Amino acid sequence: MRARTVTAKKAKIMTDTAPKTQPPQTQVPERPDPETQASVPVELGERSYDIKIASGLLHQAGEMIKDRLGQRKCAIITDENIAPLHLGKLQKSLEQAGLSHDVLILPPGEATKNFTPFANACETLLQMQIERGDLIIAFGGGVVGDFAGFAASILRRGMDFVQIPTTLLAQVDSSVGGKTGINTKQGKNLVGCFHQPRLVIIDTDVLHTLPQRELRAGYAEVVKYGLIDDPVFFAWLEEYGPRLLTGDEQARIYAIATSCRAKARIVALDEREGGVRALLNLGHTFGHALEAFAQYDGSLLHGEGISIGMVMAFELSEQLGYCQKDATSQVEAHFKSVGLPTRVTDLPHKPGPSASQLLATMAQDKKVVGGKLVFIMAHDIGESFVDKSVPMDALANYLEGQCCT
Ligand code: ADP
Ligand code: ZN
């Protein structure tokens with residue numbers, strides 16, 4: 001039995017630039033927790049709900065919904081890729097529980113998250129005679145989850161909804177925490193609201209049909225939780241992350257549950273992103289600028305953008321004297337080891353973005369407060385903090401060094 005030693009300062013969320021202290025030494029577990037299922041509570045008072053995680057859970061979805069939310073008429077919202085692969089299982093499970101349902105199948109992809117398709121979908125749902133006490137089921141990746149959650153938040157002045165996420169990214173991030181919305185010409189997710197689901201059902205089996213590239217991109221969000229405040233989890237991922245990607249069920253359940261616990265904890269502290277929830281944006285200011293440059297055409301997935309973005313966040317932290325070069329190298333080595341991009345120059349676009357292009361996009365990002373960019377910086381792996389005072393010239397210099405145009 002081998003056990004590695006890493007530095008750990010688990011569960012300490014840092015929101016300032018306090019000087020670094022020497023963390024205690026902690027053992028990394030040799031094997032994944034022997035969890036074959038997990039239940040993660042999201043504690044939000046009367047809006048509290050559970051995230052259920054297990055292999056094969058889709059078959060129990062109907063019973064779980066009925067047990068918790070009672071006899072409801074359901075409207076499943078999904079997309080054209082997921083429907084032929086997994087919709088039958090969900091429908092059967094609802095039927096077995098005696099829950100009647102309608103289905104709305106959307107075209108896949110980010111382009112669906114726009115006003116016109118959204119308005120059409122709302123009208124279709126109303127034509128289905130959906131009522132306030134009925135239930136919307138978001139069955140898909142982040143696009144379906146954001147779209148269906150937003151529809152649930154406004155139809156009939158607000159309806160209940162359940163998330164059944166089918167991508168790794170949605171399972172560990174977007175299905176938890178209640179952010180819903182659509183895109184506009186001005187940017188992503190600019191119209192939307194917070195509307196918490198009543199239940200999140202995560203069946204790890206659906207990941208078997210997810211393309212490897214999508215799986216890897218979702219994995220970047222998993223790593224993010226280690227980098228924010230859980231160095232033990234990061235060390236675990238260094239050891240078992242590749243196994244998780246190739247299909248180890250136990251490793252998947254452990255990693256998804258750990259990620260959901262981390263997100264649930266942060267969301268419970270700050271439901272509407274007034275403070276610590278911003279830590280979840282580690283790597284995202286850079287990542288969003290890269291995604292905008294790539295024009296959301298599939299050439300750069302969100303997870304790929306934030307993989308590069310997290311390395312950039314560590315490197316800028318290093319240049320500002322917050323962290324050691326070793327931390328950046330370790331983060332970059334891990335992303336590279338699973339085949340994720342880590343550099344602006346890894347983008348498939350030639351020429352790539354210029355520093356001024358990226359800066360201009362960052363200035364439009366919704367994380368701009370009073371003209372200053374809010375960045376998530378790091379003292380070390382697992383020691384991220386919110387920094388509202390990154391000097392613009394340091395940022396510009398850093399970007400000049402990263403962009404080859
Ligand atoms: P994300 O969750 O990464 O935000 P999307 O909702 O756009 O992304 O899903 C990414 C792509 O994967 C879409 O084309 C979607 O139809 C497809 N997809 C989602 N879940 C699965 C699955 N379990 N198996 C196969 N394809 C899937
Ligand atoms: Zn993200």
- For residues that are touching a helix residue (DSSP H, G or I) at 6+ places or on another chain (Cβ under 7 Å) and either part of a strand (DSSP E or B) or surrounded by fewer than 24 Cβ atoms within 10 Å (Cβ to Cβ) (or both), tally how many sit in the stretch 143-165. 9
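Within the stretch 301-343, track down each residue that is among the β-branched types (Val, Ile, Thr) and either more than 14 Å from residue 288 (Cα to Cα) or without any contact (Cβ under 8 Å) to a residue 60 or more places away in the chain (or both). Steps first, please.
Kept after step one, since they are among the β-branched types (Val, Ile, Thr), are these residues of the stretch 301-343: 306, 308, 311, 328, 331, 338, 342.
Passing the criteria: 308, 311, 328, 331, 338, 342.
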- Among (1) away from ligand 1 (no atom under 16 Å from the Cβ); (2) surrounded by 21 or more Cβ atoms within 10 Å (Cβ to Cβ); (3) of a type outside the set (A, V, I, L, M, F, W, C), where does residue 274 come up short? (2)
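Among the candidates 304, 271, which residue alone is among the acidic types (Asp, Glu) and in a helix (DSSP H, G or I)?
Numbers: 271 fails: in a helix (DSSP H, G or I).
Matching residue, one of 304, 271: 304.
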- Among the numbered criteria (1) touching an Asp or Glu at 6+ places or on another chain (Cβ under 6 Å); (2) within 16 Å of ligand 2 (Cβ to nearest atom); (3) in the same structural domain as residue 54 (by TED's automatic domain parsing), which single criterion is violated by residue 277? (3)
- Message: Of the residues 162, 172, only one is more than 24 Å from residue 279 (Cα to Cα) and either within 9 Å of ligand 1 (Cβ to nearest atom) or in the same structural domain as residue 93 (by TED's automatic domain parsing) (or both); which?
- Response: 162
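Residues in the stretch 282-300 that are surrounded by 22 or more Cβ atoms within 10 Å (Cβ to Cβ), touching a residue at least 40 places away in the same chain (Cβ under 8 Å) and within 16 Å of ligand 1 (Cβ to nearest atom): how many? Break it down into steps so the answer makes sense when it comes.
The initial filter retains those residues of the stretch 282-300 that are surrounded by 22 or more Cβ atoms within 10 Å (Cβ to Cβ), namely 282-291, 300.
Of the ones still in play, those that are also touching a residue at least 40 places away in the same chain (Cβ under 8 Å) are 282-286, 288-291, 300.
Right, trim to within 16 Å of ligand 1 (Cβ to nearest atom) and you get 283-284, 288, 290-291, 300.
Matching residues across the stretch 282-300 total 6.
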- Message: Of everything in the stretch 180-234, what is assigned to a strand (DSSP E or B), within 16 Å of ligand 2 (Cβ to nearest atom) and open to solvent by less than 40 Å² (accessible area, probe 1.4 Å)? Give them in sequence order.
- Response: 180, 181, 183, 187
- Checklist (1) under 17 Å from the mean Cα position of the chain (by Cα); (2) open to solvent by 40 Å² or more (accessible area, probe 1.4 Å) applied to residue 326, failing item: (1)
- Message: Show the residue pairs meeting these rules: Cβ distance below 6 Å; 6+ apart or different chains; first residue within the stretch 117-137 and more than 15 Å from residue 79 (Cα to Cα); second residue acidic (Asp, Glu) and at pLDDT 95 or above.
- Response: 128/102; 135/160
- In this structure, does residue 254 turn out to be in a helix (DSSP H, G or I), among the aromatic types (Phe, Trp, Tyr), away from ligand 2 (no atom under 16 Å from the Cβ) and outside the structural domain of residue 377 (by TED's automatic domain parsing)? yes
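The values are calculated or read from the model by the stated rules, or taken from the named source; none is laboratory data. Keep in mind it's a predicted model, so treat the numbers as computed, not measured. Here the Cβ is made from the backbone with ideal geometry for all residues, glycine too, and neighbour counts use every protein chain on show. Side chains included, ligands, DNA and RNA excluded: accessible areas come from the protein's heavy atoms. Shrake-Rupley method; radii C 1.70, N 1.55, O 1.52, S 1.80 Å.
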